[in-house]
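Chemist: One structure coming up, written as structure tokens, with questions to follow.
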There are 2 protein chains.
Amino acid sequence: MPLSARIDAALQSAIRVGQADPAPAKLAEALAYAVTPGGARIRPTILLSVALACGDSDPGLASAAAAALELIHCASLVHDDLPAFDDAPIRRGKPTVHRAYGEPLAVLTGDSLIILAFDTVATAGAENPARALELTRILARRTGMPFGICAGQGWESEPRIDLAAYHQAKTGALFMAATEMGAVAAGEPAEPWVELGARIGEAFQVADDLRDALESEATLGKPVGQDVRLGRPSAVTEFGVEGAIDRLKNNLAGAIASIPSCPGEAALAEMVRKTAERLTPVRPTIPGE
Amino acid sequence: MPLSARIDAALQSAIRVGQADPAPAKLAEALAYAVTPGGARIRPTILLSVALACGDSDPGLASAAAAALELIHCASLVHDDLPAFDDAPIRRGKPTVHRAYGEPLAVLTGDSLIILAFDTVATAGAENPARALELTRILARRTGMPFGICAGQGWESEPRIDLAAYHQAKTGALFMAATEMGAVAAGEPAEPWVELGARIGEAFQVADDLRDALESEATLGKPVGQDVRLGRPSAVTEFGVEGAIDRLKNNLAGAIASIPSCPGEAALAEMVRKTAERLTPVRPTIPGE
């Protein structure tokens, strides 16, 4: 089964648990609306790639972990899109959850997806409870306070931002969760896999900065985009476009170099290379998630 | 140590984990603001009472489970108070989290407390991973969709409400979690303890209906309160005040009768009797949580 089909099946299975009768119909519908159709599913793809590289000794648990990580990512998008944050009208080509279902159900959709993520890991952990518990712990740390994506969002309410902590929490955390959880689901320790996730996360952040700058050149006829207008820190404003591309390439090379010795090392390096190709800009407008 | 001190210590310890450096300061502060000083802490008190009745063989895990359950309850209050729901200005005698910290941080506080709850159980589960994983599963089911408090809130967006499902999810779920989790933390199966939680939850719901009706008589000079004005289902509108008090007493008697045979059966029955005294109205205005 290709990874994308495995991820979709695990997500569908998790969503069905959240929709079991008797459920309030609109909230049940909104859970699926927020998760499907998805974006690139890059975080669960990394998670399963690491699990496979480590031997994938409990495929059910690894698939559940991948679904859980994507559920958390989708929950964060639903809450980030709320009027109190970005007030976004459109996400993945359709109205955001609060535009389609109203704000109360959007808050509850995010909450329910977060909880469903933990439910999914716990339910799949019967055969390896210690692994599942460690997966729960990692997922919580990389999602909540003080080091997870909630913290990353929380930094934006501070008058002075700790930039390293901000970037690692906001963008890096779920990529680190991806590599750590992939290893743990397969029975390997998490720690040797942290750097791979951190490096991919940094590359992703730089690629996002580049997209922001280059898309604006193309669509707005201006040399720089939202990051500058909103005073956000950006690799492009700091290092220029060429400097940022160098940083992106260096991070991805560092990511490949950091892969621990394991049975599937070569295939995993190939996955990172493909991610690099997707991320590296070769034209003014970069399509993506 | 009295139960209240044990609960406070476990909550303080959990909150400190969420506030570890480097954390965004306002969100870190808001976590503590939302949790302390607390209300009656009735759910964690029930949880620990059941754990003690069952022998309390892993006190650290039971305390963590009690803290986790209260964190979830506090998170639900923060999100329920948001402008999109009740738009409440005051909670427990001070401004609600969104009034004190703004709406973005209130959303993030609720999210972070939910995640911290799962983190707390996972971190305390090293010695008994299977128990901790079962606690995680119960907490998720009683909190999220389709049977938990998120579902309870979600029913309020439906044109037609399944009343039994609504009450059990909205009020009953966390009481059922309390008795189930108390048993599981002590190494006992959850199922025999479901009825006790369900009965206490129903009693709590009836007591809440009574308070709503009787407080209105005293303060508004009207025989009925918000439930009638908002068209909410209520035991008082259905059965009258005396009928509702009978239901409350029957539910608590049923709760005591349902207690499974266990070493601490007598002490647990006493705890339920005390809860009954707190809940049963003996005067027009009942102070409470």
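The values are calculated or read from the model by the stated rules, or taken from the named source; none is laboratory data. Owing to the predicted nature of the structure, the values given are computational and were not obtained by experimental measurement. Because the Cβ atoms are built from the backbone with ideal geometry, glycine has one as well, and the counts that use them run over all protein chains shown. For accessibility, only protein heavy atoms count, side chains too; no ligands or nucleic acids. Shrake-Rupley method; radii C 1.70, N 1.55, O 1.52, S 1.80 Å.
Chemist: Measure out, as a whole number of angstrom, how far apart the alpha-carbon centroids of the stretch B:96-117 and the stretch A:129-171 sit.
Modeler: 15
Chemist: Once you put a point 7 Å from the Cα of A:Phe85 and another 7 Å from the Cα of A:Asp21, both along the Cβ direction, what distance in nm separates them?
Modeler: 3.5
Chemist: Moving on. Can you compute the label reach from A:Ala257? Point 7 Å from Cα along the Cβ direction, backbone N cut-off under 19 Å, restricted to the stretch A:182-204.
Modeler: A:192-204
Chemist: Rounded to the nearest 100 Å², what is the buried accessible area between B and A, both sides summed, probe 1.4 Å?
Modeler: In total, this chain pair buries about 4500 Å².
Chemist: Same structure again: Compute the accessible area per residue over the protein assembly as shown, keeping the other protein chains in place, probe 1.4 Å, unit Å².
Modeler: It amounts to 39 Å² per residue over the protein assembly as shown.
Chemist: Rg and Dmax in Å for the stretch B:1-87, alpha carbons only: what are they?
Modeler: 14.2, 44
Chemist: Using the 7 Å Cα-to-Cβ label point, sort the distances from B:Asp86 to its equivalents in the other copies shortest first and give them in nm to one decimal.
Modeler: Taking the point 7 Å beyond Cα along Cα→Cβ, the inter-copy spacings are 3.1 nm.
Chemist: Placing unit charges on C-beta atoms (Lys and Arg positive, Asp and Glu negative, everything else neutral), compute the dipole magnitude of the protein assembly as shown about its Cα centre in debye, rounded to 20.
Modeler: Dipole magnitude for the protein assembly as shown comes out near 400 debye.
Chemist: Along the Cα-to-C-beta direction of A:Glu191, a point sits 7 Å from the Cα; which residues of the stretch A:138-165 have their amide N less than 13 Å from that point?
Modeler: The answer is none.
Chemist: Follow-up question, since we're still on this one. On each of the three principal axes of the Cα atoms of the stretch A:1-45, give max minus min coordinate, whole Å, ordered largest first.
Modeler: Per principal axis, max minus min of the Cα coordinates gives 33, 18, 13 Å.
Chemist: Over the protein assembly as shown, what percent of the accessible surface lies on carbon and sulfur atoms, probe 1.4 Å?
Modeler: Carbon and sulfur atoms account for 53 percent of the accessible area of the protein assembly as shown.
Chemist: Where the convex hull is taken over the Cα atoms of the protein assembly as shown, what is its projected area averaged over directions, in nm²?
Modeler: If you wrap the Cα atoms of the protein assembly as shown in a convex hull and average its projections, you get 25.7 nm².
Chemist: Mind listing, in residue-number order, the residues in the stretch B:80-106 that have at least 50 Å² less accessible area with every protein chain present than in their own chain alone (1.4 Å probe)?
Modeler: Checking the loss per residue gives B:Ala84, B:Phe85, B:Pro104.
Chemist: With chain A treated as a Gaussian network of Cα nodes joined by springs under 10 Å, which of A:Ala28, A:Ala68, A:Ala132 yields the largest mean-square fluctuation?
Modeler: A:Ala28
Chemist: From the C-alpha coordinates alone, can you work out the Kirkwood hydrodynamic radius of chain B, in Å?
Modeler: After inverting the mean inverse Cα-Cα distance, the result is 19.4 Å.
Chemist: Check the straight Cα-Cα distances from A:Lys26 and name the lysines below 23 Å, setting aside those fewer than 8 residues away within the same chain.
Modeler: Reachable lysines: A:Lys94, B:Lys170.
Chemist: Can you give the Rg/Rh ratio of the stretch A:1-150, where Rg is from the C-alpha atoms and Rh is the Kirkwood radius?
Modeler: Ratio value, two decimals: 0.97.
Chemist: Helix by helix through chain B, keep the DSSP H runs that span 20 Å or more along the axis on Cα and average at least -1.0 on Kyte-Doolittle, and give those back in order.
Modeler: B:3-18, B:59-80, B:103-123, B:129-143, B:194-220, B:235-258, B:265-279
Chemist: Let me ask something else. Taking each residue of A:27-38 in turn, how many C-beta atoms of other protein chains fall within 10 Å of its C-beta, and what is the average?
Modeler: Average per residue, whole number: 2.
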